[in-house]
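For reference, the structure discussed in these notes is given below.
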Amino acid sequence: MTDEALRLMFEHEVGQDDYRRFLEVGVTDRLRFWQERLISRFTLAHPELSLRAGELEKALRVCEGHGEQLLLESVRGVAAEIDRVVTAETRTLFPKANMSPVGLGSGAAERPIAVWFCPSCRLAHSQWHRSVGDARQPLT
Ligand SMILES: [Zn+2]
């Protein structure tokens with residue numbers, strides 16, 4: 001079964017609102033309680049799928065705006081990279097650009113942290129900043 005087919009089944013099972021909210025919050029190393037409940041509900045409803053551990057989570061790690069699979073990168077020195085321009089508009093245009101992850105705790109800026117991002121969101125982010133005259137370089 002493809003990831004897309006799995007996502008469609010999951011969306012059908014939990015409903016559009018919960019599906020969208022699930023993607024907006026995103027799949028992180030530690031899911032929220034309500035996300036775990038939705039996954040349990042789905043796997044109990046579909047034992048025939050014999051899902052491997054993490055298989056559904058991987059399929060659900062997509063951008064809610066573009067439907068693209070998120071990519072992982074490791075970045076450093078991100079604590080000071082807080083994007084000052086986060087609005088309802090930018091959240092809609094590039095919800096998973098993830099240009100401004102914030103590390104927590106002392107020394108967070110020096111520690112690499114894992115960042116999931118959508119390539120199309122990064123492109124939209126870059127184009128948007130160019131259009132408003134506030135170009136920022138992607139984190140590398
Ligand atoms: Zn995206």
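Length gained on full extension, Val132 to Arg91: 13.2 nm, using 0.36 nm per residue less the C-alpha separation. Shown in residue order for the stretch 39-44 are the 3J(HN,Hα) couplings computed by the Karplus curve 6.51 cos²θ - 1.76 cosθ + 1.60 at θ = phi - 60°: 5, 4, 4, 5, 5, 5 Hz (x for Gly and Pro).
Over all pairs of different C-alpha atoms, the stretch 3-59 has a mean inverse distance whose reciprocal, the Kirkwood radius, equals 11.4 Å. Karplus-derived 3J(HN,Hα) values for the stretch 60-66, using 6.51 cos²θ - 1.76 cosθ + 1.60 with θ = phi - 60°, are 8, 8, 10, 6, 5, x, 10 Hz; glycine and proline are entered as x.
Just so you know, all these numbers are worked out from the coordinates, no wet-lab data involved. From a predicted model like this one, the values you see are computed outputs, not experimental measurements.
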